[in-house]
1. Give me the residue from the range 54-65 that is modelled with pLDDT of 80 or more and open to solvent by less than 90 Å² (accessible area, probe 1.4 Å) and, out of that set, nearest to Ala298 (Cα to Cα).
2. Here is a check on your reading of the model: is Gln260 surrounded by fewer than 12 Cβ atoms within 10 Å (Cβ to Cβ) and either assigned to a helix (DSSP H, G or I) or among the aliphatic types (A, V, I, L, M) (or both)?
3. Looking at the range 66-76, can you tell me whether even one residue there is surrounded by 11 or more Cβ atoms within 10 Å (Cβ to Cβ), touching a residue at least 40 places away in the same chain (Cβ under 8 Å) and within 20 Å of Leu52 (Cα to Cα)?
4. Pull out all pairs, ordered by first then second residue, where Cβ-Cβ is under 6 Å, the residues are six or more apart or on different chains, the first lies in the range 156-169 and is closer than 21 Å to Phe288 by Cα and in the same structural domain as Phe180 (by the TED database), and the second is open to solvent by less than 80 Å² (accessible area, probe 1.4 Å) and among the small types (Gly, Ala, Ser).
5. Scan (1) more than 30 Å from Leu297 (Cα to Cα); (2) open to solvent by less than 60 Å² (accessible area, probe 1.4 Å); (3) outside any loop (DSSP other than H, G, I, E, B) for the single condition Pro36 breaks and write down its number.
6. Any residue in the range 215-234 that's closer than 27 Å to Lys273 by Cα and in the same structural domain as Glu274 (by the TED database): show its pairings with residues that are among the charged types (D, E, K, R) and outside any helix (DSSP H, G or I) at Cβ separation under 6 Å, as long as the two are six or more apart or on different chains.
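The values are calculated or read from the model by the stated rules, or taken from the named source; none is laboratory data. Just so it is clear, the model here is predicted, and its values are computed rather than measured. Neighbour counts run over all protein chains shown; Cβ positions are idealised from the backbone, glycine included. These area figures cover heavy atoms from the full protein model, side chains too; ligands, DNA and RNA do not enter into them. Shrake-Rupley method; radii C 1.70, N 1.55, O 1.52, S 1.80 Å.
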Amino acid sequence: MEMMVRSVWLFVFPLLVISIRWIYRWRNPKCKGTLPPGSMGLPLLGETLSLLVTARSIDIHPFFKERMSRYGPLFKTSVAGRSIVISADPDFNSFLFQQEGKLVEMWYMDSFAKLLRQDTTAASGYVHKYLRHLVLNHFGVETLKHRLLPQLECAINQRLQKWAKQPEVQLKDQTAAMIFEFTAKHMLSYEPEKSSDTIALNLSNFLEGLMAFPLRVPGTAFYRCKKRQQKVIQVISKLVEERMNSGEGGRISKTDFLDQIVEDMRTESFLTKEFATHVLFGILLASFETVSSTIALAIKYLSDHPSLLQQLT
């Protein structure tokens, strides 16, 4: 009996030592510098379950609020199998943005990268610079001021008059539709009312999938998001192909975003049809999904605080 206990102990003791050592290394990940305070949570799981808890208000999510109060605006954690540092410090975030391509490299969440193909764009600083220049040319301050703002004001007034005749309005959805129609027209010369394709419908609530685990399993938010994305990609790809095949005389004037991309395909090797399609998809999504949410929240706050609305007016 004594020999058996000794044998078991000789087997268990090394496992116990290895486990303790592994847990210690999990809680204290290697770093060339000094890591901020925080907790790595449970082995493998990290603090993922705490992040998945549904927030019951539009305030900062409890996951971040609790840790910011405990550790400050900069803290370490582990989520979805990734060891990360989260920053809510404006000065530090500004510093990071300035150091892109120098001290830090751009990285996207797995779901974000898979849905928007950011694995391709992240590989080249030149590509980011090109896209930034292209967007500013078509939607920058000067273009907004001299060309787009008057048109946008007209579109908003028309939509407000239409809303005024309705008993109620789903503000977030209706605002998203309005912004999408305006942006799609100036990017692709796409007019939803003249098309049977439902790009806006498939793009609605797309952020639900961007913030989900990248599990391509039927029934999951990511799976639904991927299916909607495929439908939108097909429509945009068709538009890109039609514009590419239209040739020099296909359009009287080259004025929209897609025209410029097709023109640049002749000189920029990275601008393939597939790449251009995903770029257009990403910019369309960014142009209305986050903006419509922000507008809806702004109007809610103003409605809840009449004195602020009076000051603003």
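1. Going through the qualifying residues, I end up with Asp59.
2. no
3. yes
4. From residues that are closer than 21 Å to Phe288 by Cα and in the same structural domain as Phe180 (by the TED database), there are no pairs.
5. Of everything listed in (1) more than 30 Å from Leu297 (Cα to Cα); (2) open to solvent by less than 60 Å² (accessible area, probe 1.4 Å); (3) outside any loop (DSSP other than H, G, I, E, B), Pro36 misses just condition (3).
6. As it stands, the answer is Tyr223/Arg216, since those pairs meet every condition given.
Conditions (1) open to solvent by 70 Å² or more (accessible area, probe 1.4 Å); (2) at pLDDT below 80; (3) in a helix (DSSP H, G or I), marked per residue:
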site: Phe13; (1), (2), (3): yes, yes, yes
site: Ile18; (1), (2), (3): yes, yes, yes
site: Pro29; (1), (2), (3): no, yes, no
site: Leu51; (1), (2), (3): no, no, yes
